[in-house]
Amino acid sequence: MISTLGGFVLFFALGVTLYAVAASVMGARAGREDWLASARNAVLAHFCLVTLAIFLLEYALITSDFSIRYVANTSTRGSLTRYKIAGLWGSLEGSILLWEWLQALFAALVVARYSDRHRHLMPYVQAVLQGISAFFLLLMTFGANPFAPLFPIPPDGRGLNPLLEVTDMLIHPLLLYLGYVGFSVPFAFAMAALITGRVSEEWLTITRRWTVVAWLFLTGGIFYGGWWSYRTLGWGGYWAWDPVENASFMPWLTGTAFIHSVMIQERKRMLKVWNLVLITLTFSLVIFGTFLTRSGILGSVHAFADGPVGVMFLAFLALVLFFSFGLVAYRADRLKGHGELDSIVSRESAFLLNNVVLVGICFTVFLGTIFPLLAEAIRGTKMSVGTPYFNRVSVPLGMALLLLMGIGPLIAWGRASLNNLKRNFLKPSLAALAGGAILAALGVRQAEVLAAFVFCFFVIGTIVFEFTVGTRTRAKTTGERFLTAFATLLLKSRRRYGGLIVHLGVVVAIIGIAVSSVYKVEREQTLKPGETLSVGPYAVRFDGLAAGERPTHILVWANLMAFKDGKPLHELTPGQRFYPNQQSPFASVDARYHWNEDLYVILSAFERDGSSATFKVLINPMISWIWIGGGVILLGVIVVVLPERRLALLAIRAKAQVA
């Protein structure tokens, strides 16, 4: 029953979506308001239909309706309810349905918010958004139907991939999908601007908050994905340059470049073509990354192997690129910039270099990701690109990007004078060099780490300098107290100071990455009950094994006591999970998390009689700073996108507290 109804709902939604596309375009060209109104209603009806499809599939998952193939492949009767719910995005067909639901939601929000404004753009914005939805509905209708029936009906399902049976599964994919789908909104407005020939800064102004919020979700997804990998995969790291990690990182890079480049167009009316190219590349890389993860063409711990929709994704990607760049070429005469660079020593030059570096990193990651495909296609041999390649090419570019992060916000627009450079950069530069000298005296000898710290100190110095000077100047001019002046600065210049907070978060994360990568300590040893493994100031005593049955697996764990400098510190229980349908066990790591350093323990192997077990113990210094940096980035973006009324309320409260 659900299988038939769900398939019909998706097919009906496809028809409604295609009608919305046609009615939007024909209504705009003919000037027929009744057609445009009908198209808007179709957009809302499309959202309702896809929402119904979501509810139907979730109901089937929760009630273990194994007459549906997707439910049988991603759920079991013994699965916890939260993992049954997460089964919606646990495999190919359901993840596409979730993507389409978010696409329909964003389209409905855009129509609800802008239907009475920007009437010249909105019909084509609707058409583009609905065209994207039509593609995903076509995928589900003809390539990956989440409601496909299964016969004979099995007594139980296979369940989720064990790596996905963690609480993080409820958060990480949703963050990534919100970021991916969010970039479709600025892309749709960009295409509408090209179609109508209104290629001024209007579409950038409309989509500014959409872009930043999409970037925030994608950033959150990447950071949370690192946390998930660190906690779940059992190898002690957080980023392995996996193809799916790269698939999320590449649109993040071009999206970051777009956010910075937009400021140049708004200020100088330059880079119109470049900004259109960047948003097109960002959306295209989202589709390309989805192709990589859904086609099964590249191996990954995250990928859905053997997906049947790879050709359809490639065809859609080709259509997006042809349509977008065709429009850019068609409107070339209207895309000529009205401004020009006054000097290479200026903020716009720094932002341009920032863009070049970001796109350069993106290109190197793209090349390393697709090289195995090219090698197999040309030479017929399977090859892989490892971590050394990505680190070798990305670290120097990352250093340059870090330096530009400190220069860009403080250097003057147009042409920076010698006095401007001296006033803004002398103190931060001296502070950075002094900090580097102190670290060198303390024994830091690795050139890359020392350079990273010097550049980080420089960026922190410029941020502190900007906040301090701005707050003091305002306090002196207005007579406000320091806290009030600081809050008012955030209110008056949300984008500027929120952006500086984001930069601070990036710096904190980079410090965590640099220190944890270079100064990580690990040791592996086989222990008998009562024996101790020592590593650095820590010691881990093995007290024996235990086992227990869980709803979907058997868990074997070790009881450990961790000591630091001879004093009891923390009980740890690393283990292994055994699933009936899996040949190999899955790690269940445990750690003592701390802001300064983590003590991370993996149960590598054990004797079934409990006579011995092998443990890998790692000391990861300052790795928590990566997640702290992610939190600071979140705070900065909130400042950027928070409505002025909310910030005004915060300023009033700050005044009241001071008074």
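The values are calculated or read from the model by the stated rules, or taken from the named source; none is laboratory data. Keep in mind it's a predicted model, so treat the numbers as computed, not measured. For neighbour counting, all protein chains shown are included, and Cβ atoms are generated from backbone atoms with ideal geometry for every residue, glycine included.
Brief remarks follow.
Results for (1) aliphatic (A, V, I, L, M); (2) surrounded by fewer than 22 Cβ atoms within 10 Å (Cβ to Cβ); (3) touching a helix residue (DSSP H, G or I) at 6+ places or on another chain (Cβ under 7 Å), shown as yes or no for each residue.
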residue	(1), (2), (3)
239	no, yes, yes
248	no, no, yes
251	no, no, yes
255	no, no, yes
258	no, no, yes
261	no, no, yes
266	no, yes, yes
271	yes, no, yes
274	no, yes, yes
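- Residue within the stretch 480-489 that is surrounded by fewer than 14 Cβ atoms within 10 Å (Cβ to Cβ), without any contact (Cβ under 8 Å) to a residue 12 or more places away in the chain and more than 22 Å from residue 596 (Cα to Cα) present: yes
- Residues of the stretch 237-278 that turn out to be assigned to a helix (DSSP H, G or I) and aromatic (Phe, Trp, Tyr), as a count: 4
- Residues located in the stretch 612-628, provided they are in contact with a Leu (Cβ under 9 Å, 6 or more places away or on another chain) and not in a strand (DSSP E or B): 612
- Within the stretch 595-614, residues that are buried (at least 22 other Cβ atoms within 10 Å of the Cβ) sit with their Cβ atoms under 6 Å from residues that are among the basic types (Lys, Arg), at 6+ positions apart or across chains, in these pairs: 599/592; 602/616.
- Some residue of the stretch 511-523 being assigned to a strand (DSSP E or B), on the phi < 0 side of the Ramachandran plot, surrounded by 15 or more Cβ atoms within 10 Å (Cβ to Cβ) and not hydrophobic (A, V, I, L, M, F, W, C): yes
- Checking every residue in the stretch 386-408 against the condition of being closer than 30 Å to residue 493 by Cα and more than 24 Å from the chain's Cα centre (by Cα) gives at least one match.
- Every test in (1) surrounded by 24 or more Cβ atoms within 10 Å (Cβ to Cβ); (2) under 20 Å from residue 147 (Cβ atoms); (3) modelled with pLDDT of 95 or more is passed by residue 86 save one, and that test is (3).
- Test: residue in the stretch 390-398 that is surrounded by 15 or more Cβ atoms within 10 Å (Cβ to Cβ), outside any helix (DSSP H, G or I), touching a Gly at 6+ places or on another chain (Cβ under 6 Å) and outside the structural domain of residue 457 (by TED's automatic domain parsing): no
- Per-region count, the stretch 23-50, residues farther than 23 Å from residue 97 by Cβ, aliphatic (A, V, I, L, M) and surrounded by 15 or more Cβ atoms within 10 Å (Cβ to Cβ): 6
- Inclusion of residue 552 among residues that are buried (at least 19 other Cβ atoms within 10 Å of the Cβ), more than 30 Å from residue 463 (Cα to Cα) and not hydrophobic (A, V, I, L, M, F, W, C) is warranted.
- The set of residues in the stretch 107-147 being within 23 Å of residue 199 (Cβ to Cβ) and aromatic (Phe, Trp, Tyr) consists of 114, 124.
- Enumeration of residues in the stretch 143-154 that are in a loop (DSSP other than H, G, I, E, B), touching a residue at least 12 places away in the same chain (Cβ under 8 Å) and either surrounded by fewer than 23 Cβ atoms within 10 Å (Cβ to Cβ) or of a type in the set (D, E, K, R) (or both): 143, 145, 148, 150, 151, 153, 154
- Matching residues, the stretch 533-565, being among the hydroxyl-bearing types (Ser, Thr, Tyr) and in a strand (DSSP E or B): 534, 538
- Scanning the stretch 95-142 for residues that are farther than 22 Å from residue 173 by Cα, assigned to a helix (DSSP H, G or I) and either not hydrophobic (A, V, I, L, M, F, W, C) or not assigned by TED's automatic domain parsing to the domain that holds residue 26 (or both) gives 113, 114, 123, 124, 126, 130, 131, 141.
- The set of residues in the stretch 440-465 being surrounded by fewer than 17 Cβ atoms within 10 Å (Cβ to Cβ) and small (Gly, Ala, Ser) consists of 440, 441, 443, 447.
- Index of the failed condition, residue 604 passing every other in (1) part of a strand (DSSP E or B); (2) out of contact with any Ser or Thr (no Cβ under 6 Å at 6 or more places or on another chain): (2)
- Helices (runs of 4 or more DSSP H) (entirely within the stretch 1-77) containing at least 2 residues that are among the aromatic types (Phe, Trp, Tyr): 2-30, 33-62
- Which numbered condition residue 559 fails, given (1) modelled with pLDDT of 90 or more; (2) surrounded by 19 or more Cβ atoms within 10 Å (Cβ to Cβ); (3) touching a Ser or Thr at 6+ places or on another chain (Cβ under 9 Å): (2)
- Only residues that are in contact with a Lys or Arg (Cβ under 8 Å, 6 or more places away or on another chain) and exposed (fewer than 13 other Cβ atoms within 10 Å of the Cβ) were counted across the stretch 538-549, and they come to 0.
- Any hit, the stretch 197-207, residues being surrounded by fewer than 20 Cβ atoms within 10 Å (Cβ to Cβ) and assigned to a helix (DSSP H, G or I): yes
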